Amino acid sequence: MRRAIATALTAPAPHHSEPWRFVVVESAQARTALLDGMLAAWTTDLRGDAFTEEQISRRVRRGEPLRNAPLIVVPCLVRDAAHDYPDERRSRAERDMFTVSAGAAVQNLLIALAVEGLGSCWISSTLFCQDVAAKALALPSGWEPMGAIGVGHPATQPAPRPPRDPGDFLLTR
């Protein structure tokens, strides 16, 4: 896990900063607080959106891989090196630069876990309830949870993904 996180720390970042932090959720108490808190928040949101109980049940099952994973890692973003701008355009660009950097760190982590022979799944739930996740994990001020990664040994080899034509995703000028 430490080697995989060390690889995640090689992600590019704005302003020569190091805006990534990682929470390794090992204890049953922390896992329960995090997952039960996220479940309650998600259920409340879905009820507020007038989802039926059946629809809610289907949606919340998407988080079950985290309950079944031997280990959970919560990548966090810290924007303390972000520049302040007086206008929304540049402020949004600054925020996006840091968010992209966090995504690069998560991608590095997922690849490093695969190299280590570990399976992983990234679940974005904490993005929808960052305050709940931060409280459940007693995160320092300014740490923004950017999803959760279930980590374990894969039961089987993943099925190969169908090939994609890069031309369907590419624009050349």
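The values are calculated or read from the model by the stated rules, or taken from the named source; none is laboratory data. Nothing here was measured: the structure is a model prediction, and the numbers come from that model. Here the Cβ positions follow ideal geometry from the backbone for every residue, glycine too, while neighbour counts run over all protein chains shown. Areas reflect the complete protein model, heavy atoms only, side chains present, ligands, DNA and RNA absent. Shrake-Rupley method; radii C 1.70, N 1.55, O 1.52, S 1.80 Å.
Some points to look at:
- Of all residues in segment 39-83 being free of Cβ contacts under 8 Å to residues at least 60 places away in the same chain and not in a helix (DSSP H, G or I), the one that is nearest to Leu127 (Cα to Cα): Asp49
- Restricting attention to segment 84-102, the residues that are surrounded by 16 or more Cβ atoms within 10 Å (Cβ to Cβ) and free of Cβ contacts under 8 Å to residues at least 12 places away in the same chain add up to 0.
- Among the residues of segment 8-21, those identified as open to solvent by less than 60 Å² (accessible area, probe 1.4 Å) and not hydrophobic (A, V, I, L, M, F, W, C) are Pro14, Ser17, Pro19.
- Of all residues making up segment 119-161, the number that are over 19 Å from Arg62 (Cα atoms), in contact (Cβ under 8 Å) with a residue 24 or more places away in the chain and open to solvent by less than 40 Å² (accessible area, probe 1.4 Å): 3
- Residue among Val73, Val24 that alone is buried (at least 17 other Cβ atoms within 10 Å of the Cβ), modelled with pLDDT of 95 or more, of a type outside the set (Asp, Glu) and closer than 21 Å to Gly142 by Cβ: Val73
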